[in-house]
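To start, the structure itself, in structure tokens.
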Amino acid sequence: MVADNAMLADLAYHLNLVCPLDQAKKLPSAIFLTDDRRTPNPGMVLPTLPRGSAVILRNYCDKNRASHAFSLRKICRHYGLLFLISGDPALAIKTGADGVHLPEWYLRRGVLYPRRLNWLVTVAAHSKASLTLAARVRADAALLSPVFPTDSHKGESTLGVVKFAALVRSSPVPVYALGGVDSLTARRLASSGAVGVAAIKGLC
């Protein structure tokens, strides 16, 4: 399993390397997302991630989310990882995070968020419309999903490689592949134009 995760990180690096966008080189190639159910102890995963990767803290149901955010921020600094907090810019500022991730529900509320110098801002996207919205809020990149079948959303329709690549080409912001991305499926994204990959289990 560890070898598979390392392979996915290598594939993500290659995607970033060949991505035609100028800003690609300023973005991490791999993004790890925490999950209340599937990664209950994300602190164990962080040391295994390549330096320069990004970590997005979700875990919305965690009653101790703030204290865990401080703890994970410290670990990320130690291992050279970028730390983003999902859906809570105020907590991102409080913890000294490297940026924020904005879920689609946050974007659709039209809430303005306080942006900080050098912050990395990513957004969740599931369609062309949400990619357009990502540009409107000046996001650095979008996590487009689900590309492949995933345990997180069993039974939902997926974009597939062809549609995903078409959306990437038309997107006003760089795009990461999210949803069912692992060391096998990521190979099918080689010519998609994605700036990298985002995953939960695929990177842990």
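Only the coordinates and a few stated rules stand behind these numbers; no lab work does. Keep in mind that this is a model prediction, so the values were computed, not measured. Because the Cβ atoms are built from the backbone with ideal geometry, glycine has one as well, and the counts that use them run over all protein chains shown.
Please work out how many pairs of lysine residues in the chain are eight or more positions apart (or on different chains) and have Cα atoms closer than 21 angstrom.
Here the count comes out as 6.
Considering only the other residues whose Cβ falls under 12 Å of the Cβ of Arg77, what net charge follows from Lys and Arg at +1 and Asp and Glu at -1?
+2
Please report the spacing between the Cα centers of segment 53-77 and segment 146-204 in Å, no decimals.
24
With +1 assigned to the C-beta of every Lys and Arg and -1 to the C-beta of every Asp and Glu, and no other charges, what is the dipole magnitude of the chain about the Cα centre in debye, to the nearest 20?
So the dipole magnitude of the chain works out to roughly 460 debye.
So for the pair His14, Met44, with labels modelled 7 Å out along Cα→Cβ, what separation do we get in nm?
Distance between the two pseudo-spin positions: 3.0 nm.
In segment 54-111, which trypsin sites (Lys or Arg not before Pro) fall in coil by DSSP and have 11 or fewer other Cβ atoms within 10 Å?
Within segment 54-111, the qualifying trypsin sites (Lys or Arg not before Pro) (loop, at most 11 other Cβ atoms within 10 Å) are Lys63, Arg109.
Highest mean first, what order results for 142-150, 30-38 on Cβ atoms within 10 Å?
Most protected by this proxy first, the peptides run 142-150, 30-38.
Counting only residues 5 or more places away or on other chains, whose amide H sits under 5 Å from the amide H of Leu82 once H atoms are built in the peptide plane?
Amide H neighbours of Leu82, under 5 Å, 5+ apart: Gly52, Ser53, Ala54, Val55.
Just flag the chymotrypsin sites (Phe, Trp or Tyr not before Pro) in segment 94-123 sitting in loop per DSSP whose Cβ has no more than 12 other Cβ atoms within 10 Å.
Listed in order of number, the matching sites amount to none.
Hey, what number do you get for the chain at 222 nm if only DSSP H runs of n ≥ 4 count, each worth -39500 (n - 2.57), divided across all residues, to the nearest 500?
-9500 deg cm²/dmol
Using the Karplus curve 6.51 cos²θ - 1.76 cosθ + 1.60 with θ = phi - 60°, what ³J(HN,Hα) values do you get for each residue of segment 45-62, in whole Hz, with x for Gly and Pro?
Each residue of segment 45-62 in turn: 7, 3, x, 8, 7, x, 4, x, 5, 10, 10, 10, 7, 9, 6, 5, 8, 6 Hz.
Each residue of segment 190-204 in order: what ³J(HN,Hα) in whole Hz does its phi give by Karplus 6.51 cos²θ - 1.76 cosθ + 1.60, θ = phi - 60°, with x for Gly and Pro?
3, 10, 7, x, 5, 7, x, 10, 10, 7, 9, 5, x, 10, 10
Amide H to amide H under 5 Å from Leu143: which residues, 5+ apart in sequence or cross-chain, H placed 1.01 Å off N in plane?
HN-HN under 5 Å from Leu143: Val123, Ala124, Ala125, Tyr176.
In a GNM of the chain with a 10 Å cut-off on Cα contacts, which of Gly87, Gly179, Gly96 has the highest mean-square fluctuation?
Gly96
Along the charge dipole of the chain, which of Ser127, Thr95, Leu143 sits closest to the positive end, that is, farthest toward it, with unit charges on the beta carbon of Lys, Arg, Asp and Glu (+1, +1, -1, -1)?
Checked the options; the winner is Thr95.
Which residues' amide hydrogens lie under 5 Å from the amide hydrogen of Gly193, considering only partners 5 or more residues apart or on another chain, with H built in the peptide plane?
Correct list: empty.
Can you match Rg and Dmax of the Cα atoms in Å to one of these, [x] 17.7, 56; [y] 15.4, 42; [z] 16.0, 48, based on a calculation from the structure here?
Here Rg and Dmax of the Cα atoms in Å agrees with entry [y].
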